[in-house]
Amino acid sequence: MSDKATQEETLSLGAFLRDQREQKGVSIEAVIEATKISKPVLEAIENDNFPRMPAEAFCRGFYTIYANFLELDPKEIIARYKQVRGIAESASAKQPIPPVIKSQKFSTYAEVSPVSPVGGTTVLITGCLLLFAGICWYLNWNPVDFFSSIIMPQQTATVSAVSNESSEPFAQEIVSTALSGTTATETEKSIEKQPQKTPAVTLYNLQVTFQNSGTLKVTMDDGFVLDKHFSAGETLQWEVTKKILLDMPETARGKLSLNGIEIPLPAAENGRRKLSLPEDLLD
C-alpha cells in the first residue's frame, strides 16, 4: 500500500474531504455556491462535528452531493460515513434524496389552484348568459316582449257584449262607407235606411301584418299605452270598443285591414305613420 493510500486511511472522513478540496484548489465558498450546502453544515462535515449536523438522512444526502462535487465515489464516502457513525447497512437500504432535490419534489404540494370554485361558477354563468344573448340576437327574439305578453295580455281592451245584434252590421256599414269614399249625403241616406236604433258599442277590429321589424306604440280606449315590438311576417290584432291610435315608424311596411277590409298604411309625417280611429274615418 502506497504512502498516499496509507495517509488517506489514517485521515478522518471530514479531514479526507477537506484534503481533497484543498488539493483541487477549491475554496469553501466555491463549494457552497456550487452545492448549495450551507457553510455551517459544510464546516461540520469537514470537522466531523456530527452533533452540529442535521438528521442522519439529510447528512447522507449532503455527503453524496459533496462526494460528487469532489469527483469521488459517493457509495464509498457513504460507507465510511456509516462506519464512523456506527450505522448498520440494513438500517437504510434506500439512498436518501438530497435535501435540495427533496424540497423541489414536494414544493408543488403546497401550490394553490389558480381558479377558485367561486371564480369557476362566475365564469360558467357569464358564458351561459352570453350564449343566451347570442341566440336571442340570431333569432331576432325579444324575451322581454315574450314574457310581457304572458304576464299582461296583448288585448288589454276587450269588446263588450252588444245589446242588439243589429249594431254590428250597422258599424260595418259606417266603416265601409268611410273607406269607399262615399259622400256625407250618401252616408246620411244610408244611415236613414238603417233601423233608428243607437248602437250600444262601436267595434273596431284592426289587424296589421308586418313585412319588416320595428317598434310601435298603441293607445287604446281610455288611454292605455303599450309599446310593442314587431317582426317581419308577424301579425298583430286589436279589438277595441271606443278608439285606438297606432303610432308606427316611417319605415314600417305591411298590410293593414280594418274590420276585414284592407286599407293602405297611413302616410308618413315627421318620420312617423299614425292611424287614429275613429278620427281618421271622419276626415
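Any read-out appearing in this document is the output of simple, stated calculations on the displayed coordinates, not a laboratory observation. Note that the structure is predicted; figures quoted are calculated from it, not measured. Backbone-built Cβ (ideal geometry, glycine too); neighbour counts: all protein chains shown.
Averaging the Cα positions of each part gives two centres, and for segment 214-282 and segment 11-40 these lie 99 Å apart.
Residues within the reach of a label modelled at Leu245 (point 7 angstrom out along Cα to beta-carbon, backbone nitrogen below 17 Å), restricted to segment 202-232, are 216-228. Highest average first, the peptides 213-225, 243-255 ordered by how many other beta carbon atoms sit within 10 Å of their residues are 243-255, 213-225. The length gained by stretching the chain between Asn49 and Lys255 to full extension, at 0.36 nm per residue less their Cα-Cα distance, is 63.7 nm.
Label-to-label distance for Gln211 and Asn142 is 2.2 nm, based on points extended 7 Å past Cα in the beta-carbon direction.
A straight chain from Arg85 to His229 at 0.36 nm per residue would run longer than the Cα-Cα distance by 42.7 nm. The order of the peptides 70-77, 135-142, 30-37, 15-22 by mean Cβ neighbours within 10 Å, most packed first, is 15-22, 30-37, 70-77, 135-142.
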